[in-house]
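J.: Take a look at the following structure, please.
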Amino acid sequence: MKAEEFDKRFDDGEDISSYLDMSSIRQPKQESKRVNVDFPSWMVELLDREAQRIGVTRQSVIKVWIAERLENIAL
């Protein structure tokens, strides 16, 4: 399919997802990189308590809290 036809289908509101290769899509700066961090046991206990309270994983709590802090210092 030519770009003009693709653009027209998109502009007309047609579902064009079947024409896209989703297997190689990446968002800039969103690739994961594994890091290891050692926490004192009291921190892990509090993290687990908070994670259970809001119904998410410990890792989710850590990611959200760090992201919030980094956004605040980036301003």
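The values are calculated or read from the model by the stated rules, or taken from the named source; none is laboratory data. All figures in this text were calculated on a predicted structure; none of them were measured in a lab. Note that each Cβ is placed from the backbone with ideal geometry, even for glycine, and that neighbours are counted across all protein chains shown. Heavy atoms of the whole protein, side chains included, go into the accessibility calculation; ligands, DNA and RNA do not. Shrake-Rupley method; radii C 1.70, N 1.55, O 1.52, S 1.80 Å.
J.: Is it the case that some residue within region 17-39 is modelled with pLDDT under 95, touching a helix residue (DSSP H, G or I) at 6+ places or on another chain (Cβ under 9 Å) and not aliphatic (A, V, I, L, M)?
T.: Yes, some residue in region 17-39 is modelled with pLDDT under 95, touching a helix residue (DSSP H, G or I) at 6+ places or on another chain (Cβ under 9 Å) and not aliphatic (A, V, I, L, M).
J.: Given the chain, what helices (runs of 4 or more DSSP H) lie entirely inside it while holding 2 or more residues that are open to solvent by 100 Å² or more (accessible area, probe 1.4 Å) and of a type in the set (Phe, Trp, Tyr)?
T.: Correct list: empty, since no element meets the threshold.
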